[in-house]
Amino acid sequence: MSTAIERHARATAGFEQRLAQTVLQLQQAAAAHPGRIVLATSLGAEDMVLTDLIARHQIPIALATLDTGKLHAETLALLPAIEQRYGITVARFAPQAEATIHFVKTHGELAMRDSVDLRKACCHIRKMEPLSRLLASRTAWVTGLRRAQSGARTEVPFEDTDDAGRAKFNPLAQWSWHDVWHHIATNDVPYNALHDRFFPSIGCEPCTRAVSLGEDFRAGRWWWEQSSKECGLHVSAVQHIPQETAR
Ligand code: SF4
């Protein structure tokens, strides 16, 4: 089986310019929000690129992730890998144990597949509430959103404002999937082993599957639903026109 690097890494025109712009934006964002800015990393390929750039250029941006309690072992394995490679500890924000226990007891272990409402309720407990704590003392956050990830994200701006009025930076907005893997390949950035197994977008274990050739980039997320492939973390960019596909 070929690796994700073999399948996707390509040097394309304008890459060095996009890279320089990304580093500059990270530096400017950190300077504008000293001690109050965080990369909310999903530990996916894009966020590993940002982690690498933050570490490589010693940019004062904290790292934190949502440990939903349903992540793949391959995803969790990146936490010690980041520590070992970059000397950075990623802060983990877990859901309230009482809320998850009550939800599972009431609705079942795979309730998220029973209805969109139950899926959203699970995402609220395991993602949205911990995200509010992750961002509580922050005035700005950084994400790995890219315009090409899906039709829902075609309008992702470099700088945005979230519902709470915090600055939200998306420095990879213009990057392609080839760019992401080119940077990973040329800098030996650690990445989730699931990417090699045709998981372009990785979320919780019960809600993520591999995609087939030609499928939408986020087709493996909540694949049983016809509605938007978004969990609510980045809802302001939602439209729905499939764009980047698995290659
Ligand atoms: S992605 Fe799935 S398991 Fe994770 S919080 Fe959302 S519904 Fe729950």
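The values are calculated or read from the model by the stated rules, or taken from the named source; none is laboratory data. Every value quoted in this text rests on a predicted model; they were computed, and no experiment measured them. A quick note on method: Cβ atoms are made from the backbone with ideal geometry, for glycine too, and the neighbour counts reach across all protein chains shown. Side chains are part of the model used for accessible areas, which takes the heavy atoms of the whole protein and leaves out ligands, DNA and RNA. Shrake-Rupley method; radii C 1.70, N 1.55, O 1.52, S 1.80 Å.
Within region 224-237, the set of residues being more than 17 Å from TRP177 (Cβ to Cβ), modelled with pLDDT under 80 and within 11 Å of the ligand (Cβ to nearest atom) comprises GLU230, CYS231, GLY232, LEU233. Residues in region 16-57 that are in contact with a strand residue (DSSP E or B) (Cβ under 7 Å, 6 or more places away or on another chain) and basic (Lys, Arg): ARG36 alone.
Considering only region 20-123, give the helices (runs of 4 or more DSSP H) lying wholly within it that have at least 3 residues that are within 16 Å of the ligand (Cβ to nearest atom) and more than 18 Å from the chain's Cα centre (by Cα).
Qualifying helices (runs of 4 or more DSSP H): 97-107, 116-123.
Within region 124-148, the set of residues being in a helix (DSSP H, G or I) and more than 16 Å from the ligand (Cβ to nearest atom) comprises ARG147, ALA148. Taking only region 49-104 into account, find how many residues are in contact with a helix residue (DSSP H, G or I) (Cβ under 8 Å, 6 or more places away or on another chain), open to solvent by 40 Å² or more (accessible area, probe 1.4 Å) and among the acidic types (Asp, Glu). The qualifying residues number 1. Here's a check for you: in region 152-211, which residue that is surrounded by 17 or more Cβ atoms within 10 Å (Cβ to Cβ) and part of a strand (DSSP E or B) is farthest from the ligand (Cβ to nearest atom)? Looking at residues that are surrounded by 17 or more Cβ atoms within 10 Å (Cβ to Cβ) and part of a strand (DSSP E or B), I get ALA167. Within region 11-34, residues that are closer than 17 Å to ASP160 by Cα reach no partner that is charged (D, E, K, R) and surrounded by fewer than 11 Cβ atoms within 10 Å (Cβ to Cβ) with beta carbons closer than 9 Å at six or more positions or on different chains.
Taking the criterion of being open to solvent by 60 Å² or more (accessible area, probe 1.4 Å) and either within 19 Å of ARG147 (Cβ to Cβ) or in contact with a Ser or Thr (Cβ under 9 Å, 6 or more places away or on another chain) (or both), the residues of region 21-34 that qualify are GLN21, LEU24, ALA32.
Within region 212-223, which residues are assigned to a loop (DSSP other than H, G, I, E, B), in contact (Cβ under 8 Å) with a residue 60 or more places away in the chain and more than 11 Å from the ligand (Cβ to nearest atom)? Matches in region 212-223: PHE217, ARG218.
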